[in-house]
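What follows is a short report on a single structure.
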Amino acid sequence: MKIQPNTTLKCVADFIEAKKMIGDPNHIISGLNEIHEVEEGDITFVDHPKYYNKALNSKATTIIINNEDVVCPEGKALLIHDNPFDAFIKLIKSYRKFEPATAMVSPKAEIGEGTVIEPGAFVAEHVKIGKNCIIHSNVSIYNHVIIGDNVIIQSGSVIGADACYFQRRKDNFMKFESCGRVIIEDDVEIGALCAIDIGVTSDTVVGKGTKTDNHVQVGHDAKIGKYCFLGAHSAVGGVSVLKDNVSIWSMAAVNKDLVIAEGTTILAYSAVDKDTEPGVTYFGLPAEEVKKKWKELASLRSLPDIISQMKK
């Protein structure tokens, strides 16, 4: 998420009540992003030693951290805080305040020529919808969603709901407030009762020409490529990337933080837990190359006979 206008290290330090500031007080901060999406000028946070090096060596130029003994990399700045997660959420809330709806279709929404918004559909603030789209009844389009031309969204789908992102505490959960967007490119069709979550700090993207069946879930910050197909009840975890021309059949799932290579096919009832190879078909739980998996299943079917013979 970009910050407009830009701010300074000193301003942020004062706002989050940092214990210590390491760096030039006039150091510029131009965006805020979670670690996997950072760019130069961004501020991010880290609160676990396991990820200190990743954050310090990332493209982020300002890091909120709970360890004042780390070495600040050249050209960067640090803000020392006991609870970096809480400090970052405070920042998000200051730049992305919730705006309650005042109408079923916001008068501020930009809706292109030839687009049909059917009765009962909800279109929130800061939404842009292109030309010749059909938004069926009972669709909910939350704040900060951008939709291209010739897009069809079937009834009951929810575009832009908050990410399912919580930090577990001793007695409860701390919610990571979402401040990203959803971008749906041209010629996409979303089936009925689908959910496409908003990006936490960047964009969830559904690429040009992609089609989904009903009951599909796309997690926060996922990037779906062009001309992909997602079957009914399939799910793509947060931050995962599907390259172009990927097919995921019914009831299949892709774990978070994965890259599904171009042309990959994932057969029904499969669960992918690692990156895939281009053009390969996968099956099983966990998913593997389909012929290898079928051989394993055939071998398993032979086990009872083998055990019986061994007993004799």
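Nothing in this text is a laboratory measurement; each read-out follows from the coordinates by a stated rule. Keep in mind that this is a model prediction, so the values were computed, not measured. Glycine gets a Cβ as well: all are built from the backbone with ideal geometry, and neighbour counts include every protein chain shown.
Select, from 138, 172, the only residue that is on the phi > 0 side of the Ramachandran plot, surrounded by fewer than 23 Cβ atoms within 10 Å (Cβ to Cβ) and out of contact with any helix residue (DSSP H, G or I) (no Cβ under 6 Å at 6 or more places or on another chain).
Being on the phi > 0 side of the Ramachandran plot, surrounded by fewer than 23 Cβ atoms within 10 Å (Cβ to Cβ) and out of contact with any helix residue (DSSP H, G or I) (no Cβ under 6 Å at 6 or more places or on another chain) holds for just one of 138, 172, which is 138.
I need the full set of residues from the stretch 153-169 which are surrounded by 20 or more Cβ atoms within 10 Å (Cβ to Cβ) and of a type in the set (Ser, Thr, Tyr), in order please.
157 - this is the single residue of the stretch 153-169 that is surrounded by 20 or more Cβ atoms within 10 Å (Cβ to Cβ) and of a type in the set (Ser, Thr, Tyr).
Just to verify a result, which residue in the stretch 263-304, among those that are in a loop (DSSP other than H, G, I, E, B) and of a type in the set (Gly, Ala, Ser), is nearest to residue 232 (Cα to Cα)?
My answer is 268.
Being among the polar types (S, T, N, Q) and farther than 20 Å from residue 256 by Cα is the filter; apply it to the stretch 274-312 and report the residue that is farthest from the chain's Cα centre (by Cα).
Going through the qualifying residues, I end up with 309.
Under 6 Å by Cβ, and 6 or more places apart or on different chains, what pairs join a residue from the stretch 4-24 that is loosely packed, with under 13 Cβ neighbours inside 10 Å with one that is part of a strand (DSSP E or B)?
Note: pairs meeting the criteria are 6/28; 6/30; 19/80; 20/80.
Of the residues in the stretch 237-272, how many are of a type outside the set (A, V, I, L, M) and more than 17 Å from residue 205 (Cβ to Cβ)?
9
Output the number of residues of the stretch 126-140 satisfying the condition of being within 24 Å of residue 163 (Cα to Cα) and touching a Ser or Thr at 6+ places or on another chain (Cβ under 9 Å).
9
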